[in-house]
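Everything on this sheet refers to the single structure shown next.
The values are calculated or read from the model by the stated rules, or taken from the named source; none is laboratory data. This one's a predicted model, so the numbers in the text were calculated from it and none came from an experiment. We place every Cβ from the backbone using ideal geometry, glycine too, and count neighbours over all the protein chains shown.
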């Protein structure tokens, strides 16, 4: 019979033991907390005593193993790998939600990814946004979303729910939010899988415009970028192409794997690499 998750009184007692350095006690605490599914954020929000920085760090580390198990269990790769996603944005977003839940610290209270994107789309609609260019200005010209200049390689840049809540991400994260919110508003926004710097494309009067979401939504005429003598033939071809969801997901997992390795989270990085293999 599976052990029951700890009741509120036991949870309170377990949290008081977080900084106990006795190996047997730490193993017992981690084992009991693992039964909570890796997320205590809603329960913690009801508690009168806030956790210290050290307690948060210890608790977040103990909640990672069950979230790894959950991600491995819930990850449903499409038959045929990433290429099978094609225009299946619903399945694509479901996989992004799995990654987002995995990267959540299990402590801070926040909206699930789809709810956060829904709310952002509603806010844009309330502001009168009706075109992709207006959405670009709404998201990036103010303070709503900015490039994460200080922590470019932070793994949380691949956690889109965190990115929406914090208002920052890397180029790929910002472009994904732009595209996913745009789809909710029925707007045409394409991804450009450019090496080293993911971008988006919109159309105005039939002309393609390239958006650098990381640079406050800077607009560029695609025709002018293609004339850059520093670009080789492969880069020009990629600039013209549209990245499908499978290609984007592979890139996100690749970015995340490297970020986790840099952060010293080898077990998490190994899991992400196994997920990458399911898309080949």
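One table, with the values for the structure above:
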quantity: Any hit, segment 59-73, residues being more than 22 Å from residue 253 (Cβ to Cβ), surrounded by 15 or more Cβ atoms within 10 Å (Cβ to Cβ) and not assigned by TED's automatic domain parsing to the domain that holds residue 182; calculated: yes
quantity: Those helices (runs of 4 or more DSSP H) lying entirely in segment 110-193 with at least 2 residues touching a residue at least 60 places away in the same chain (Cβ under 8 Å) and surrounded by fewer than 23 Cβ atoms within 10 Å (Cβ to Cβ); calculated: 113-126, 132-140, 171-184
quantity: Of the criteria (1) assigned to a helix (DSSP H, G or I); (2) crowded, with 17+ Cβ neighbours inside 10 Å; (3) in the same structural domain as residue 4 (by TED's automatic domain parsing), which one residue 100 fails; calculated: (3)
quantity: Residues located in segment 213-236, provided they are within 17 Å of residue 134 (Cα to Cα) and surrounded by fewer than 10 Cβ atoms within 10 Å (Cβ to Cβ); calculated: none
quantity: Residue match in segment 260-267 (condition: over 23 Å from residue 98 (Cα atoms), surrounded by fewer than 21 Cβ atoms within 10 Å (Cβ to Cβ) and out of contact with any helix residue (DSSP H, G or I) (no Cβ under 9 Å at 6 or more places or on another chain)); calculated: no
quantity: Members of segment 51-93 that are within 15 Å of residue 18 (Cα to Cα) and either part of a helix (DSSP H, G or I) or at pLDDT below 90 (or both); calculated: 53, 54, 55, 56, 57, 58, 59, 60, 61, 62, 63, 64
quantity: Residue under evaluation residue 195, criteria (1) at pLDDT 95 or above; (2) under 25 Å from residue 95 (Cα atoms), criterion not met; calculated: (1)
quantity: Close pairs from segment 227-238: first free of Cβ contacts under 8 Å to residues at least 40 places away in the same chain and in the same structural domain as residue 193 (by TED's automatic domain parsing), partner surrounded by 10 or more Cβ atoms within 10 Å (Cβ to Cβ) and in a helix (DSSP H, G or I), Cβ under 6 Å, at least 6 apart; calculated: 236/226
quantity: Failed item in (1) closer than 23 Å to residue 263 by Cα; (2) at pLDDT 90 or above, with residue 24 passing the rest; calculated: (1)
quantity: Pick from segment 202-212, criterion in contact with a helix residue (DSSP H, G or I) (Cβ under 7 Å, 6 or more places away or on another chain) and in contact (Cβ under 8 Å) with a residue 40 or more places away in the chain, ranking: surrounded by the most Cβ atoms within 10 Å (Cβ to Cβ); calculated: 211
quantity: Matching residues in segment 22-39 - criterion: being within 22 Å of residue 103 (Cα to Cα) and surrounded by 16 or more Cβ atoms within 10 Å (Cβ to Cβ); calculated: 29, 30, 32, 33, 34, 36, 38, 39
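Rundown of residues vs (1) within 14 Å of residue 105 (Cβ to Cβ); (2) touching a strand residue (DSSP E or B) at 6+ places or on another chain (Cβ under 7 Å); (3) surrounded by 17 or more Cβ atoms within 10 Å (Cβ to Cβ), yes/no style:
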position	(1), (2), (3)
9	no, no, no
14	no, no, yes
20	no, no, no
41	yes, no, no
44	yes, no, yes
47	no, no, no
76	no, no, no
81	no, no, no
87	no, no, no
